[in-house]
Amino acid sequence: MRYPEYVVWLKEQYAKIVFEPDVVEEIGPRHNPVRFPGSPPWNMDWWIKFNDGKHAYLYERWFPMSSLSRGSTVGRRGAFSFHYGTLGNKVRPTGWPAREKSGHPAILRIDLDPKGPHIHFNGEEPHIMQDKVKGMRIEDTSPFDFVNAVLSYRKNQGQIDFDAIMNFTVVK
Ligand SMILES: [Zn+2]
């Protein structure tokens with residue numbers, strides 16, 4: 001995807017979200033190319049704070065499709081992390097919230113990082129790799145799939161868990 005297409009896609013998808021009134025603050029989704037105007041690499045960061053101390057923090061990191069082709073304008077999503085849980089006090093140097101894995105474990109986090117696609121579900125451990133997650137292709141998960149799942153989870157007061165909402169099954 002190219003950056004201008006991404007901007008349009010993000011705006012369209014964002015417009016479809018129906019937020020409940022319990023959002024106390026939302027920062028983002030912020031997105032910007034980090035080196036060349038209108039081209040990869042670009043970042044997306046999005047932080048949603050709810051009135052019960054929970055929060056969602058999502059980021060995506062998009063890289064040039066090929067480092068070989070000079071001036072490549074096509075980006076690929078090389079890394080992302082979509083987190084939902086209680087909010088701690090630690091912040092990243094960039095000002096976005098840092099993970100606090102012991103005091104504020106994930107209720108759900110979906111990650112694509114050098115470990116490979118995996119999730120954290122009702123706790124930081126274990127890392128549940130893709131081969132144990134049936135019904136959901138982790139690397140294709142969009143930030144909007146995640147935010148809509150969070151809103152649905154909150155609407156149901158946690159009575160319907162994320163695996164049912166997002167149609168995945170964790171196998172042994
Ligand atoms: Zn992880």
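The values are calculated or read from the model by the stated rules, or taken from the named source; none is laboratory data. Note that the coordinates shown come from a computational prediction; the quantities given were computed from them, not determined experimentally. A quick note on method: Cβ atoms are made from the backbone with ideal geometry, for glycine too, and the neighbour counts reach across all protein chains shown.
Just one of (1) in contact with a helix residue (DSSP H, G or I) (Cβ under 8 Å, 6 or more places away or on another chain); (2) at negative phi fails for Glu25. It is (1). Being within 25 Å of Gln130 (Cβ to Cβ), modelled with pLDDT of 95 or more and among the hydrophobic types (A, V, I, L, M, F, W, C) holds for only one residue in Met65, Met44, Met1, and it is Met44.
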